[in-house]
Amino acid sequence: MTAAYRNHIAANGRKTDVPNLLLGLMASDGDPVGLVRDMHERIYAGGIGEDQFDRLLFSPSTIDIRTLPPAILDTKEAVVPLELIPATREDLDCFLRRMMVATGRDFEPCELVGDWFGGRSPERGFDDHVGRLWQLRGEERGLYTALVGGRFGSVIRHLQQSEMTTDARRRLRDLLVGQAMIWCAHDVQLVVARLTKAPDYGHLLPANRSLEGSLNDLRDRRIALDKVLDLFFGSGEWRQREIQPAWSGVNMSLTQHADPIIRRTAKHVGRADRNVDTRVSLTDLAAMMQRIAAQLRADPLLDRTATPRTRNVEAKAYATGWYGLSPLAAMSVAIRRLIQAEQQLPAMIDAVIAGKASAMTILQPLPAYPDGKLPPLSVNRQVGLLDFYRDAVLADGSANNSDPWKAIKASREFLEKRGGRHLGAHHGSASDPHRAFYLLDVIPEHRFAIG
């Protein structure tokens, strides 16, 4: 982006009413794609740089992760910065609890954990797990840091190569399984916290607008921009190919135009933003408008705004728009995969430790969701976890009135349709079904790939 555009943003924030949108286009030297993407990043990440994502996500000062912008909650591969690794037993206990539920509420592990810690009761198992981790810190600081920080690769290598007693190997293996499950619970927490984020466009649109209303406002802005180009080129033929501008259209008095948006825009530009030089030559103006027209013709990001207004047909929440699921069903997908991890991840880890599988096996995502119905115990656990996350993280009163069985059925159909998830599925747009699966899934393979 140009210096003029940066100055424009500094003066006008993220406002993108039509006059500011056109001034932004002028300041950006006619780059609507860059303009839209810049606005998206400012809104999606709340103006926070990526280098701060990990720290904010894991910092004890972040009492409620639901207050973080969407970009941080979507950063599933974040690991704990080394300086935030707990240095006291009390801090370790609090840290592991926050990994599972960080919403400012009191949380007891027995509400969530299953048989993660070797057959003990959930509450006693968690306390013993914290104690053994803290003991490991005094014996093998590097292994402690790797386990707590989500860098399991070095732990696997240690278990494969080190000369250890049978008892020591079993204890370290149990710690690894327990930590892998806690990190899977962290994945689920991120999913549910993300589902609490109502459409938030910063200064772009009022915070109380529905997603459909917001999209319609964006469509209105696109229509206004198209009208300006129609006037400049003398027709709408610029939509199909490059044409020369109609100079008479350029010189007409836009402040007297019949369209109120065009009139308001012309008056605003006429007053001139001090950060934007509106006194450009006709040659420069023509070149800029040609670039804008070419990008509107070619770029799918902008093409999506050239659609008719809608009424009561658009998604009401991000989850429905991105995944084709209600928030409750999207949450149920993550819970199903957490239960699947409970059932399958320990054996996957044991196979790698024993050398019965290549290192790449553990780096693959969980297998495709099992065919057929879950055993009765798993069904009961799913209902229990759905209630738990609705209360602990989603905290949506309207969701509590919805049918959990409908959500559970929809989540099963989603997983059966998706099949297996492949490495690299985190790439792509938010509407890509493979990326949707990645965003809703647990990703234990990532932690075994680093360290």
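The values are calculated or read from the model by the stated rules, or taken from the named source; none is laboratory data. If you're wondering where the values come from, they're calculated on a predicted model, not measured in any experiment. With ideal geometry, Cβ positions are generated from the backbone for all residues, glycine too; neighbour counts draw on all protein chains shown. Note: areas computed on protein heavy atoms with side chains; ligands, DNA, RNA excluded. Shrake-Rupley method; radii C 1.70, N 1.55, O 1.52, S 1.80 Å.
Could you list all residues from the stretch 388-418 that are at pLDDT below 85 and hydrophobic (A, V, I, L, M, F, W, C)?
Hits for the stretch 388-418 are L394, A395, A399.
So the check is Cβ under 6 Å with 6+ separation or different chains; which pairs have a first residue in the stretch 322-347 that's modelled with pLDDT of 90 or more and a second one that's open to solvent by 10 Å² or more (accessible area, probe 1.4 Å) and charged (D, E, K, R)?
Note: pairs meeting the criteria are I339/R381.
If the Cβ limit is 7 Å and pairs must be 6+ apart or interchain, which residue in the stretch 286-299 that is among the acidic types (D, E) pairs with which residue that is open to solvent by less than 20 Å² (accessible area, probe 1.4 Å)?
D299/V33
With E77, E50 as the choices, which residue is under 30 Å from R435 (Cα atoms), touching a residue at least 60 places away in the same chain (Cβ under 8 Å) and among the acidic types (D, E)?
Of the residues listed, the single one that is under 30 Å from R435 (Cα atoms), touching a residue at least 60 places away in the same chain (Cβ under 8 Å) and among the acidic types (D, E) is E77.
Write out, first by first residue and then by second, each pair whose Cβ atoms fall under 6 Å of each other, whose residues are 6+ apart or on separate chains, and whose first residue, in the stretch 121-134, is among the acidic types (D, E) while the second is crowded, with 16+ Cβ neighbours inside 10 Å and part of a helix (DSSP H, G or I).
Taking only residues 6 or more apart or on different chains, not a single pair turns up.
Look at G125 and say whether it is outside any strand (DSSP E or B), open to solvent by 10 Å² or more (accessible area, probe 1.4 Å) and out of contact with any strand residue (DSSP E or B) (no Cβ under 7 Å at 6 or more places or on another chain). Reasoning before the result, please.
Details: outside any strand (DSSP E or B): yes; open to solvent by 10 Å² or more (accessible area, probe 1.4 Å): no; out of contact with any strand residue (DSSP E or B) (no Cβ under 7 Å at 6 or more places or on another chain): yes.
For G125, the condition - outside any strand (DSSP E or B), open to solvent by 10 Å² or more (accessible area, probe 1.4 Å) and out of contact with any strand residue (DSSP E or B) (no Cβ under 7 Å at 6 or more places or on another chain) - is not met.
Six or more apart or on different chains, Cβ under 8 Å: which pairs go from a residue in the stretch 169-188 that's in contact (Cβ under 8 Å) with a residue 60 or more places away in the chain and under 13 Å from R97 (Cα atoms) to one that's open to solvent by 10 Å² or more (accessible area, probe 1.4 Å) and part of a helix (DSSP H, G or I)? Could you list them?
As it stands, the answer is M181/E342, since those pairs meet every condition given.
Please enumerate the residues belonging to the stretch 46-77 that are more than 16 Å from L394 (Cα to Cα), β-branched (V, I, T) and over 13 Å from the mean Cα position of the chain (by Cα).
I48, T62
Considering every residue within the stretch 97-113, establish whether at least one is over 22 Å from R390 (Cβ atoms), touching a helix residue (DSSP H, G or I) at 6+ places or on another chain (Cβ under 9 Å) and either of a type outside the set (A, V, I, L, M) or open to solvent by 40 Å² or more (accessible area, probe 1.4 Å) (or both). Let's see the steps before the verdict.
Of the residues in the stretch 97-113, the ones over 22 Å from R390 (Cβ atoms) are none.
No: zero hits.
Pairs, please: C-beta under 6 Å, at least 6 apart or cross-chain, first residue part of a helix (DSSP H, G or I) and in the stretch 224-235, second surrounded by fewer than 18 Cβ atoms within 10 Å (Cβ to Cβ) and at pLDDT 80 or above?
Final answer for the pair search is D230/G236; F233/I243.
With the structure loaded, tell me whether A78 is within 22 Å of P444 (Cα to Cα), in contact with a Phe, Trp or Tyr (Cβ under 9 Å, 6 or more places away or on another chain), modelled with pLDDT under 95 and not in a loop (DSSP other than H, G, I, E, B) or whether it fails that test.
The answer is no for A78.
Among residues belonging to the stretch 47-68 that are open to solvent by less than 20 Å² (accessible area, probe 1.4 Å), of a type outside the set (A, V, I, L, M) and part of a loop (DSSP other than H, G, I, E, B), point out the one that is nearest to F95 (Cα to Cα).
Applying the filter and picking the extreme gives S59.
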